[in-house]
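For reference, the structure is listed below as structure tokens.
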Amino acid sequence: MIVSGSKTQALAAELAAVTDQSLAPVEFERFPDGEGMARVGEVDDHAIVVASTVSDEAHVECLQLQDAAREAGAGEITTVLPYMGYARQDRAFEVGEPVSARAVARAISTGTDRVLTVNPHEDAVCEYFTVSAESVDAAGCLADPLPTDLTEPLFLSPDEGAIDLAATVANAYGRGDTDYFEKKRLSGTEVEITPSDAAVGDRDVVLVDDIIATGSTMSESVAVLNERAARAVYVTCVHPLLASNAVLKLSRAGVEAIYGTDTIERSVSEVSVAPAIADAL
Ligand code: R5P
């Protein structure tokens, strides 16, 4: 039985349909002091908690859902984190910083028998859980919403770390080249992009990344590509966090279209990762 968090209701419904399982009744409340409450009705023996931890509140809600499912009688709990928050702080970058990914992974491990997470920033984050944890690669589905008639497509990642994602999308699309830019992060909201010498003139370029957060990485890349006379620039990502003014930044940079999956429910969530999760369950 699927137990959905408040931020993943559409994905949980899709996963229930794909796996032919039922959706547990879940209610969300908020007390006057601001604390949340996730209440789970009946569950069967295996509860699959589906919760993207997109905020601190969503983290607490995930822990509550695990606990409530156990209280409701589940003997086995699998926790699916379509988007795992804090995964990018996977080491202490400066003295005194926490390894936030490890801290939240340990907490989530206490309430579950197994964890699945979709395209975390680094697969190594799975090692921080103290129960069995695997990453699911859903990047192939990002090819689905792209126009079928792209002109000499180039699948480009904004940094070397995402080149495998770009290659996966290119393979799923069925044609096109793959390349990457170099990125230097200057601050939380500023990046410097150094383009490669890939020919982009009069070609359709698809920028591929794991996540669009502030949109700085993608908007800088779109601007570089437009300066170099790309025909059109599409951006696609697994996790369309799109914080603050990210959509505005991308639009001002001249993006043709933005696509993402439903790990985070946004207006650009054009494709579902439910089939990829179902395969891994
Ligand atoms: C980091 O390397 C990730 O792959 C993304 O490129 C990054 O998190 C995107 O962040 P933003 O949208 O804030 O530039």
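The values are calculated or read from the model by the stated rules, or taken from the named source; none is laboratory data. Fair warning: this is a prediction, and the values are worked out from it, not measured in the lab. Here Cβ is always computed from backbone atoms with ideal geometry, including for glycine, and neighbour counts include all displayed protein chains. Quick note on the areas: whole protein, heavy atoms, side chains included, nothing else; ligands and nucleic acids left out. Shrake-Rupley method; radii C 1.70, N 1.55, O 1.52, S 1.80 Å.
Restricted to the range 193-231, and to residues that are touching a Cys at 6+ places or on another chain (Cβ under 9 Å) and near the ligand (Cβ under 8 Å from one of its atoms), which residue is farthest from residue 140 (Cα to Cα)?
To start, the set of residues in the range 193-231 that are touching a Cys at 6+ places or on another chain (Cβ under 9 Å) comprises 207-212, 218.
Next, only the ones that are near the ligand (Cβ under 8 Å from one of its atoms) stay: 209-212, 218.
Numbers: 209: 12, 210: 12, 211: 15, 212: 17, 218: 19 Å.
Ranking the candidates gives 218 first.
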Selection within the range 65-84 - buried (at least 20 other Cβ atoms within 10 Å of the Cβ) and out of contact with any Cys (no Cβ under 9 Å at 6 or more places or on another chain):
65, 66, 68, 69, 74, 77, 78, 80, 82, 83, 84
Output the residue which, of all residues in the range 118-158 that are of a type in the set (Ser, Thr, Tyr) and within 15 Å of the ligand (Cβ to nearest atom), is least open to solvent (accessible area, probe 1.4 Å).
157
Could you check the range 243-262 and list, in sequence order, the residues that are surrounded by 15 or more Cβ atoms within 10 Å (Cβ to Cβ) and farther than 28 Å from residue 202 by Cα?
262
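Okay, residues lined up against (1) of a type in the set (D, E, K, R); (2) over 28 Å from residue 233 (Cβ atoms):
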| site | (1), (2) |
| --- | --- |
| 98 | no, yes |
| 101 | no, yes |
| 106 | yes, yes |
| 111 | no, yes |
| 115 | no, yes |
| 125 | no, yes |
| 136 | no, no |
| 147 | no, no |
| 152 | yes, no |
Those residues that are open to solvent by less than 40 Å² (accessible area, probe 1.4 Å) and not in a strand (DSSP E or B), I need them from the range 20-30; list them, please.
24
In the range 230-254, which residues are within 20 Å of the chain's Cα centre (by Cα), farther than 24 Å from residue 51 by Cβ and in a loop (DSSP other than H, G, I, E, B)?
245
Which one of the conditions (1) in contact (Cβ under 8 Å) with a residue 24 or more places away in the chain; (2) over 16 Å from the mean Cα position of the chain (by Cα) does residue 187 fail to meet, given that it meets all the rest?
(1)
Inside the range 164-180, can you point out the residues that are closer than 20 Å to residue 240 by Cβ and not small (Gly, Ala, Ser)?
164, 165, 168, 169, 173
Of everything in the range 255-281, what is within 18 Å of residue 49 (Cβ to Cβ) and not small (Gly, Ala, Ser)? Give them in sequence order.
262, 263, 264, 265, 273, 277, 281
Filtered residues of the range 31-59 (kept if open to solvent by 80 Å² or more (accessible area, probe 1.4 Å) and outside any loop (DSSP other than H, G, I, E, B)):
39, 56, 57
Subset tally (residues that are farther than 18 Å from residue 277 by Cβ and touching a residue at least 24 places away in the same chain (Cβ under 8 Å)) for the range 122-142
4
Across the range 159-192, which residue is least open to solvent (accessible area, probe 1.4 Å) among those that are in a loop (DSSP other than H, G, I, E, B) and within 14 Å of the ligand (Cβ to nearest atom)?
181
Of the residues in the range 233-242, those that are open to solvent by less than 10 Å² (accessible area, probe 1.4 Å) and out of contact with any Gly (no Cβ under 6 Å at 6 or more places or on another chain) come to 233, 235, 236, 238, 239
Out of (1) at pLDDT below 95; (2) open to solvent by 30 Å² or more (accessible area, probe 1.4 Å); (3) within 18 Å of residue 237 (Cα to Cα), the one residue 195 does not meet is (3)
If we scan the range 265-278, do we find a residue that is open to solvent by less than 60 Å² (accessible area, probe 1.4 Å) and within 12 Å of the ligand (Cβ to nearest atom)?
no
